[in-house]
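Enquirer: Take a look at the following structure, please.
The values are calculated or read from the model by the stated rules, or taken from the named source; none is laboratory data. Predicted model only: the values in this text are computed from it and were never measured. Cβ placement follows ideal geometry from the backbone for every residue including glycine, while neighbour counts extend to all protein chains displayed.
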Amino acid sequence: MFLPKFTKQFAQKFSIKPRSGVNMHRKLGGNIDLKKILCIKEKRVISKNLMLQYQNTIFQIKTKRSAYTLRKTVVTVRERHDGSITLWDSKDQALEYTMIKKLPDTRETSSKQLNQLVDAILIKQKRNPWESSAEELEEISCFYKPMGAV
């Protein structure tokens, strides 16, 4: 296997022996919550109907207080490494929510790719007026022909 051999060589090359054998790491304080620190944090603004969107999913906030108090509030979305998502208000209080809808994934595309796709569809449907005869265009009826025109 490559990895065990590599780590052994890497340790031999770059490791330095400590001056002292005493463990200098400090203990973690009781007031520090690693679940709040070791996560991806993003800000979102709650809409008028208490909804927000994160990663193609719509979340609706559940609350017992008046909806007016949470409108336009900035919320922190925290996503942990296991995929769990929590919502926190500005006072660092967890908010209850329900997932309303998972939106379909969308891909970004350039205008060049989009034009190529549209051209392929038009050519397939024979809607290109420069490559079609007049009879084909009348059959497709993709052009407006005013009444009384010859």
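Enquirer: Consider segment 38-59. How many of its residues are over 16 Å from Trp88 (Cβ atoms) and outside any loop (DSSP other than H, G, I, E, B)?
Expert: 4
Enquirer: Another question about this same structure. Can you tell me which of Thr106, Thr69 is under 15 Å from the mean Cα position of the chain (by Cα), at pLDDT below 90 and closer than 30 Å to Cys39 by Cα?
Expert: Values: Thr69 fails: under 15 Å from the mean Cα position of the chain (by Cα).
Of the residues listed, the single one that is under 15 Å from the mean Cα position of the chain (by Cα), at pLDDT below 90 and closer than 30 Å to Cys39 by Cα is Thr106.
Enquirer: Hey, Lys35 hits all of (1) without any contact (Cβ under 8 Å) to a residue 24 or more places away in the chain; (2) not in a loop (DSSP other than H, G, I, E, B) but one; which does it fall short on?
Expert: (1)
One line per residue, one yes/no per condition, for (1) at pLDDT 80 or above; (2) among the β-branched types (Val, Ile, Thr); (3) over 30 Å from Leu52 (Cα atoms):
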| position | (1), (2), (3) |
| --- | --- |
| Val75 | yes, yes, no |
| Arg78 | yes, no, no |
| Gly83 | yes, no, no |
| Leu87 | yes, no, no |
| Trp130 | no, no, yes |
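Enquirer: Name the residues in segment 79-99 that are surrounded by 12 or more Cβ atoms within 10 Å (Cβ to Cβ) and of a type in the set (A, V, I, L, M), would you?
Expert: Ile85, Leu87, Leu95
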